[in-house]
Amino acid sequence: MNDIAKRFTDNPLLSPIEVPPSSEGLEITCLLNPGVFQFNNKTWLIVRVAERPEQKDEIISFPILTETGTIKIIEIQRNDIDLIATDARVINYIGIDYLTTLSHLRLFCSDDGHHFYEPEDYPALVGEGKLETFGIEDCRVAQIEGTYYLTFTSVSDNGVGVGLRTTTDWKNFKKHGMILPAHNKDCAIFEEKINGLFYALHRPSSVDIGGNYIWIASSPDGIHWGNHHCILKTRKGLWDSKRIGAGASPIKTEKGWLEIYHGANENHQYCLGAFLMDLENPAKVIARTVQPIMIPTAEYELSGFFGNVVFTNGHIVETDGDTITFYYGASDEFVCGAQFSIKEIFSLLENI
Ligand code: MAN
């Protein structure tokens, strides 16, 4: 492999075919982009489960949630002149954008970090209300002073924003609504306060002026965010030329806060890179990798629901202080695992 990720030999760890759908009439199309945390001496994944009805030749069909939480199936003839369906992930019909699948979040746990199963009595998290009718996606988990903060993408016809729920036991959740409004996603909260404040990376997008850049914000309570700064931009001609977004919570090292992020180019190839923020003032980026540290290369990364994608939003730092075990979505269809060495990432960081 032409990168520094050491992929698990038993990848993919989870495939859609191994898991039961949430309701009759739906099938799981993708299992992807898990948030990762440790709880009760186990490794847990909060996996994005994307579903839709079995597809027929002449009709595209997909589920959406009503405001009261029931599932409604929308069906559109493939030859309808008002349909634009060029991306597997989204369609446009009579001027309105929809997702082709509806996502919820489901918990899996493991004793060895390789074999994951769905534990009994832990609820799935589903979209709720007007701002989540197209589902919830790509959850990051930050553990701060005994509370888990779940930041995820909330999608509806109003736009794409960042939702927050908190929990201490993974059975009861407090809903804080949308903390960063549309268009915003890829929100990763730091797992430690800095000078008494919470910090988070996030990714607002601008349609015209600006771009898909990584920003930082701070907050007195983890819920209300302000003091926004744009800290990292896309780079013309490189692998991260079109859009970038934070992965999981930054990792505290002696040299600074280390963040693994995803970047996409004009061909929608998603790779991973890293950057380093100042320990005291994380709005200051000190260094960044020039080449990707992970490139879609394995068969399961190259072809699937949306091929040529590696996307991570969850990891664990092992007790050796150097190994990052991370989990990632491969081709938007499978959950996989791999490892990085922090030392090796540092050897590729270049000061900026
Ligand atoms: C976007 C999101 C992710 C997805 C990538 C690649 O960033 O929808 O969930 O994994 O695109 O398709």
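Odds and ends about this structure:
- The listed residue being within 16 Å of the ligand (Cβ to nearest atom), surrounded by fewer than 20 Cβ atoms within 10 Å (Cβ to Cβ), under 22 Å from residue 332 (Cα atoms) and among the small types (Gly, Ala, Ser), out of 50, 88: 88
- Residue 145 open to solvent by 60 Å² or more (accessible area, probe 1.4 Å) and without any contact (Cβ under 8 Å) to a residue 24 or more places away in the chain: yes
- Number of residues in region 127-150 that are farther than 14 Å from residue 98 by Cα, outside any loop (DSSP other than H, G, I, E, B), of a type outside the set (A, V, I, L, M, F, W, C) and in contact with a Gly (Cβ under 7 Å, 6 or more places away or on another chain) equals 2.
- Restricting attention to region 183-207 and to residues that are of a type in the set (A, V, I, L, M, F, W, C) and over 16 Å from the mean Cα position of the chain (by Cα), the residue that is nearest to residue 143 (Cα to Cα) turns out to be 198.
- Residue within region 58-78 that is touching a Lys or Arg at 6+ places or on another chain (Cβ under 9 Å), modelled with pLDDT under 95 and either open to solvent by 60 Å² or more (accessible area, probe 1.4 Å) or within 16 Å of the ligand (Cβ to nearest atom) (or both) present: yes
- Scanning region 313-343 for residues that are among the aliphatic types (A, V, I, L, M) and in a strand (DSSP E or B) turns up 316, 317, 324, 330, 335, 338.
- Strands (runs of 3 or more DSSP E) within region 219-281 that include 1 or more residues farther than 14 Å from residue 310 by Cβ and more than 16 Å from the ligand (Cβ to nearest atom): 226-232, 251-253, 256-264, 270-277
- Against the test of being away from the ligand (no atom under 16 Å from the Cβ) and farther than 21 Å from residue 331 by Cα, the options 24, 18 yield a single qualifying residue, 24.
- Within region 62-100, tally of residues that are out of contact with any strand residue (DSSP E or B) (no Cβ under 7 Å at 6 or more places or on another chain) and hydroxyl-bearing (Ser, Thr, Tyr): 3
- Of all residues in region 289-311, those satisfying the criterion of being assigned to a loop (DSSP other than H, G, I, E, B) and more than 14 Å from the ligand (Cβ to nearest atom) are 290, 291, 292, 293, 295, 297, 298.
- Residue identified as buried (at least 20 other Cβ atoms within 10 Å of the Cβ) and touching a strand residue (DSSP E or B) at 6+ places or on another chain (Cβ under 9 Å) among 118, 128, 192, 137: 137
The values are calculated or read from the model by the stated rules, or taken from the named source; none is laboratory data. The model shown is predicted, which means the values in this text are computed figures rather than measured ones. All Cβ positions, glycine included, derive from the backbone under ideal geometry; neighbour counts span all protein chains shown. Accessible surface areas use protein heavy atoms only, side chains included; no ligands, DNA or RNA. Shrake-Rupley method; radii C 1.70, N 1.55, O 1.52, S 1.80 Å.
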